[in-house]
Amino acid sequence: MTLEAIAATRTLDPIATTARLAPIAVPEQQNADNALARLGPALIESGALDQRTLERARRVAAETGGRLDRVLTQLGLISERGLAEALARLVSAPLVAAADYPDEPLFVDRLRPKFLRKAHALPIADQSDRVVLAMVDPLDVFARDAVAAALCRPVVIAVAVPIELEAALDRLYSEPVEAGDAEAMLDEVVSDAEPAEEDAERLKDLASEAPVIRLVNQMIARAVETHASDVHLEPFPDRLRVRYRYDGVLHEVEPPPARLQAAVISRVKIMARLDIAERRLPQDGRIKLTVRGHEIDFRVSTMPALYGEKVVLRVLDRTAVDFDYEKLGLPEDVREGLERAFELPNGMVLVTGPTGSGKTTTLYTGLTKLNTIERNVVTVEDPIEYQLTGINQIQVRPQIGLNFATLLRSILRQDPDVIMIGEIRDLETVQIAVQAALTGHLVLSTVHTNSAAATMTRLRDMGLEDYLMTATLKAVLAQRLVRRLCHNCREPEAAPAPLRERFGLDRLAGNRPITLYHPRGCPECRGTGFRGRRAIAELLIPNRATDRLILEGADDSMIERAAVEGGMRPIFDSGMLAVLDGDTTIEEVVRCIRADV
């Protein structure tokens, strides 16, 4: 439905349906102070805030001189979407949906991108007698009047969610104004001939300049807004390459100006409380920020490279992670088997897979269910990725001799019920873990192997005796993460007979029809065709046959064959079932498992 056709539907609730816009003009004499005074009670009435939280925000606003609505998001007390909905109700204006933004920029000859970005506004519809203007701040009368004067047309307001408006600005006006402004301002401070990166004090001053701060903040905010899991900053002779990792795959984005390279990296190091003068050794740090109304942790790692320091930021957004097996995508039979293993009073449960396969998230999910008043749950991690309320989490510090084995010895004197070890890497750690499992503790951990059966041979290679393995090992989960198809744009395709035979689709599908899907790409998935990831897994529950093979010193292929005969579904079959469900593609499963097919 077009905006013109919807303009008459002013009686609709503007928040109840964002897909329909009924532009409503804000009164000329809209008083921002009066509107903000009504904002607090409105948020309490809607249940978004309680009175105590509102009073806290008001005190901060009074002390800092900031506006109440901005303080609420800066403190992380309300999300930006929640605030946008509240402001829309407050001024009786509709909320703009992502699909309502135009495909091409409007009034490019009269409105400059720099002004639109600064005003956080964008015209989204040119109607016969007026212009619909999407604004983050509907109380900004000056910006609205300036647009009206520039266009010589009446302007009506629709309230925009900041992340969606900024994404539209970036799509319609590809060149980021902030980066250009930052470079121009930097010219006043640094000359071309001055080697700023060689002077630590000068570099610190440079990294503290407003343009650099704005660039780094924008880079970090964009990573959070677009749900990137990592940010890679990689120095090269002519540029600083910036890449975001989405759903396990890196994508390059527009870099900052080349001469800002040292300043941007130094700014990140300052935020992570790292030594900016030390550029010869790797460093690790952490940043905690409130981005778009959410508290986000960033794990920062620096590494000296040929042309400077390479920096990687791991985005740890607790609000973006659901510690739920069903949402992780684990099949019901695997989920039930794993939950039964986690309920055992003692023994060892291992999760295996390559780096980035979601092992820690699976263990965290199990811990949240085990976290009760009756249990003493302790974790030893390197590093601690997410902070879990009610669980005692301990950070490994090898530089002072505080490693997994040392901590495990001390933990056993703390009367634990459940112990999670971040990773079993050596014989000393596995021996202490096994002793803990034998003496009445439930031990959870991860191992780097390619399959569940290969875990037994890996533990044997570490030096663990076979009889201890069979006595303590209760379950081994091997998993991978595959990208989910975007359900908004995926396209069905027929499955050719050779393909069905090659991957055993007929055997797995049974009597249900086989329909495969392939990615197409749309704005919802950033044109990739994939949106989010899910787990595919195999769960090995040791039985008499596998125990006998372990004691006989059999290799992983024999153990796996016995486990399959005992009811284990191989991880490749789990991936093919995800394909038949329309959740992913055959190519994605093969890429992640790297099977010889």
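List of remarks:
- Segment residue 399-residue 37, extension gain: residue separation times 0.36 nm, minus the distance between their alpha carbons: 125.0 nm
- With the helix formula -39500 (n - 2.57) applied to DSSP H stretches of n ≥ 4, the chain reaches a computed 222 nm mean residue ellipticity of -11500 deg cm²/dmol.
- For residue 393, the residues whose amide H sits under 5 Å from its own are 379, ignoring neighbours fewer than 5 places away on the same chain, with H placed 1.01 Å from N.
- Here segment 429-501 has an Rg and Dmax of 19.7, 55 Å, counting Cα atoms alone.
- Among the cysteines of the chain, 152, 592 have no other cysteine beta carbon within less than 4.7 Å of their own.
- Exceeding the 21 Å Cα-Cα cut-off - candidates 114/310; 359/474; 327/369; 288/359: 114/310; 288/359
- Radius of gyration and maximum dimension Dmax of segment 418-466, Cα, Å: 10.4, 29
- A full extension of the chain between residue 46 and residue 555 corresponds to an added length of 177.1 nm, given 0.36 nm per residue minus the alpha carbon distance.
- In segment 500-597, the GluC sites (Glu not before Pro) that fall in loop regions by DSSP, at most 14 other Cβ within 10 Å: 552
- Share of Cα-Cα pairs in segment 377-499 lying beyond 26 Å, as whole percent: 34 percent
- Set of segment 480-501 residues, backbone N closer than 16 Å to the point 7 Å along the Cα-Cβ line of residue 522: 484-493
- Normalising by residue count, the chain has a Cα convex hull of 203 Å³ per residue.
- Short to long, the 5 Å bins of the Cα pair-distance histogram for segment 251-350 hold 2, 10, 15, 14, 13, 10, 10, 9, 8, 6, 2, 0 percent of all pairs.
- 11 Å beta-carbon shell around residue 312, net charge (K/R +1, D/E -1): +1
- Think of each Lys and Arg Cβ as +1 and each Asp and Glu Cβ as -1; about the Cα centre, that makes the dipole of segment 515-576 roughly 540 debye.
- Computed FRET value (nearest 0.05) for residue 273 with residue 507, which takes r as the C-beta separation and R₀ as 41 Å: 0.15
- Other-chain or far-sequence residues with amide H under 5 Å of residue 307's (modelled H): none
- About its Cα centre, the chain has a charge dipole of approximately 620 debye under the convention of +1 per Lys or Arg Cβ and -1 per Asp or Glu Cβ, with nothing else charged.
- With 10 Å bins beginning at zero, the pair-distance distribution over Cα atoms of segment 293-424 amounts to 10, 36, 35, 15, 4, 0 %.
Here, each number is a calculation from the coordinates, and none is a lab measurement. The structure presented is a predicted model; accordingly, all values stated were derived computationally and were not measured. Every residue, glycine as well, gets a Cβ built from its backbone with ideal geometry; the counts of neighbours run over all protein chains shown.
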